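Engineer: Before anything else, here's the structure in question.
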Amino acid sequence: MTSPICDATAHDDGDLPDIVDLVLEMGRIPAEPQKPPPLPVGLENLVETATGYAKAASSENTRDAYAKDWRHFASWCRRGGFEPLPPEPQTIGLYISACAAGHVKRGVKPLSVATIERRLSGLVWNFTQRGFAVDRKDRHIATVLAGIRRKHAKPPRQKEAVLGDDLLAMVATLGHDLRALRDRAILLLGFAGGLRRSEIVGLDVTRDENSNGAGWIEFFPEKGVLVTLRGKTGWREVEVGCGSSDQSCPAVALETWIKYGRIGRGPLFRRIFKDNKTVDVERLSDKHVARLVKQTALAAGVRSDLPEGERGLLFSGHSLRAGLATSAEIEERHVQKQLGHTSAEMTRKYQRRRDRFRVNLTKASGL
């Protein structure tokens with residue numbers, strides 16, 4: 001009986017191949033794959049343009065986070081002897097299990113459920129960009145994730161809302177130097193505009209078509225400031241009215257900062273050097289907003305009824321946005337428009353203490 005190998009390599013005349021031919025065939029170096037012909041110049045430019053648009057579909061922070069997610073997953077695969085590509089649901093299920101159990105790397109704490117879910121979203125995005133589809137409903141992923149949620153999920157802990165009186169007390173803790181002028185403008189604008197911290201530091205002082213910022217501001221005398229923002233779904237305008245006094249007015253705070261910071265164009269909020277006199281040309285990091293809110297809230301004694309350690313975990317840049325939604329005693333639709341929410345339900349999530357026990361179903365039921 002002729003072996004499959006011999007049969008597959010036999011000559012047309014039925015004779016077995018010469019052993020020399022087999023050895024030569026085994027040692028022959030395969031030809032290099034042919035490179036595709038170069039694209040026409042016009043088409044190359046179009047590819048670069050399309051790549052630029054693809055990058056613009058998500059913020060730089062989002063892309064950085066997705067890149068970090070991929071490095072984390074690829075590193076885990078390398079240590080465990082797995083191949084990151086093509087995506088295997090079983091491998092992804094093992095990965096998120098390791099994240100939840102703290103087995104990703106020695107000395108690294110287990111990740112929270114929220115972090116695992118966000119990291120999984122980052123992986124799906126990375127796989128998609130590489131031309132692979134991932135079904136998150138696959139049992140190897142969905143069932144494991146459901147078990148992680150059931151075993152490790154903690155009750156949601158929202159950041160504390162900074163109310164109007166709280167903000168005035170926070171602003172009062174600032175001094176009168178250049179850094180204080182900038183930080184006062186950040187707090188008042190962020191609160192009155194209901195802005196995210198990335199939106200605050202992403203603003204330019206004037207409109208600039210070539211800027212990589214998130215928008216710009218425009219002053220309207222005796223009325224306030226119009227903030228134009230670029231969001232996920234397009235552009236939107238936020239009207240920030242004047243305050244009842246110069247000490248609480250976002251427009252006055254902005255004008256003062258722009259004047260003494262000598263800012264004519266480019267980023268609105270910038271880093272200040274140690275001499276507290278020289279303003280950098282680079283845009284301020286959004287992490288500064290989070291630190292600023294936390295530091296001034298603690299200094300002002302906001303929620304002093306709680307232990308110091310617990311208070312430190314309550315405040316972040318998001319406290320300003322939630323504070324406006326909670327403090328503003330106006331129709332909900334106006335708050336929804338200011339925050340840029342597409343649904344009233346999302347706006348209500350920001351109203352931390354406003355509507356608690358407003359409707360008493362106990363008494364309404366006759367008790």
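The values are calculated or read from the model by the stated rules, or taken from the named source; none is laboratory data. Treat the numbers as computed from the prediction; the structure is a model and nothing was measured. Cβ atoms come from the backbone with ideal geometry, glycine included; neighbour counts cover every protein chain shown. Ligands, DNA and RNA are stripped out before the accessible areas are found, and what is left, the full protein with its side chains, is counted by its heavy atoms. Shrake-Rupley method; radii C 1.70, N 1.55, O 1.52, S 1.80 Å.
Engineer: Among the residues of the stretch 126-142, count how many are of a type outside the set (Lys, Arg), part of a loop (DSSP other than H, G, I, E, B) and touching a Leu at 6+ places or on another chain (Cβ under 8 Å). Steps first, please.
Structural biologist: Keep residues of the stretch 126-142 that are of a type outside the set (Lys, Arg), which gives 126-129, 131-135, 138, 140-142.
Within this subset, residues satisfying the condition of being part of a loop (DSSP other than H, G, I, E, B) are 131-135, 138.
Subsequent filtering for residues that are touching a Leu at 6+ places or on another chain (Cβ under 8 Å) retains 132, 134.
Total meeting the criteria: 2.
Engineer: Scan the stretch 234-263 and report the pairs whose first residue is on the phi > 0 side of the Ramachandran plot and whose second residue is part of a strand (DSSP E or B), with Cβ atoms within less than 8 Å and a gap of 6+ or a chain change.
Structural biologist: Once the first residue is on the phi > 0 side of the Ramachandran plot and sits in the stretch 234-263, its partners that are part of a strand (DSSP E or B) give Arg262/Val279.
Engineer: A further question on this structure: So Arg207 fits all but one of (1) in contact with a Phe, Trp or Tyr (Cβ under 6 Å, 6 or more places away or on another chain); (2) in a loop (DSSP other than H, G, I, E, B); (3) surrounded by 14 or more Cβ atoms within 10 Å (Cβ to Cβ); what number is the exception?
Structural biologist: (3) is the only condition that Arg207 fails.
Engineer: Right, another one. Quick one: how many residues across the stretch 283-305 are within 22 Å of Val201 (Cβ to Cβ), open to solvent by less than 30 Å² (accessible area, probe 1.4 Å) and hydrophobic (A, V, I, L, M, F, W, C)?
Structural biologist: Residues meeting the conditions: 6.
Engineer: If you don't mind, another one. If you go through the stretch 253-270 one residue at a time, do you hit one that is over 18 Å from Glu160 (Cα atoms), assigned to a strand (DSSP E or B) and either modelled with pLDDT of 90 or more or over 20 Å from the mean Cα position of the chain (by Cα) (or both)?
Structural biologist: Yes - at least one qualifying residue is present in the stretch 253-270.
Engineer: Only residues that are more than 18 Å from Val171 (Cβ to Cβ) and at pLDDT 80 or above: list them for the stretch 311-331, please.
Structural biologist: Arg311, Leu313, Leu314, listed by residue number.
Engineer: Looking at the stretch 59-102 only, could you name the residues that are open to solvent by less than 20 Å² (accessible area, probe 1.4 Å), touching a residue at least 40 places away in the same chain (Cβ under 8 Å) and among the small types (Gly, Ala, Ser)?
Structural biologist: Those that are open to solvent by less than 20 Å² (accessible area, probe 1.4 Å), touching a residue at least 40 places away in the same chain (Cβ under 8 Å) and among the small types (Gly, Ala, Ser): Gly93, Ala100.
Engineer: Mind telling me which of the residues Val281, Val359, Val302 ends up being in a loop (DSSP other than H, G, I, E, B), more than 19 Å from the chain's Cα centre (by Cα) and at pLDDT 80 or above?
Structural biologist: Val302
Engineer: While we're on this one: Kindly indicate which of Leu85, Leu123, Leu111 is in contact with a helix residue (DSSP H, G or I) (Cβ under 6 Å, 6 or more places away or on another chain) and not in a helix (DSSP H, G or I).
Structural biologist: The match here is Leu111.
Engineer: Only one of these is open to solvent by less than 60 Å² (accessible area, probe 1.4 Å), in a helix (DSSP H, G or I) and modelled with pLDDT under 95: Leu145, Leu195. Name it.
Structural biologist: Result: Leu145 is the single residue among Leu145, Leu195 that is open to solvent by less than 60 Å² (accessible area, probe 1.4 Å), in a helix (DSSP H, G or I) and modelled with pLDDT under 95.
Engineer: Residue by residue through the stretch 148-162, note down the ones that are part of a loop (DSSP other than H, G, I, E, B) and open to solvent by less than 50 Å² (accessible area, probe 1.4 Å).
Structural biologist: Matches in the stretch 148-162: Glu160, Ala161, Val162.
Engineer: Cβ contacts < 7 Å: first residue touching a residue at least 60 places away in the same chain (Cβ under 8 Å), restricted to the stretch 172-191; second residue β-branched (Val, Ile, Thr) and open to solvent by 30 Å² or more (accessible area, probe 1.4 Å), any location; separation 6+ or different chain. Result?
Structural biologist: Qualifying pairs under 7 Å: Leu181/Thr256.
Engineer: Do we have Lys159 as closer than 27 Å to Leu111 by Cβ and touching a residue at least 60 places away in the same chain (Cβ under 8 Å) here? Walk me through it before giving the result.
Structural biologist: Values: closer than 27 Å to Leu111 by Cβ: yes; touching a residue at least 60 places away in the same chain (Cβ under 8 Å): yes.
Yes; evaluated as a whole, the condition is true for this residue.
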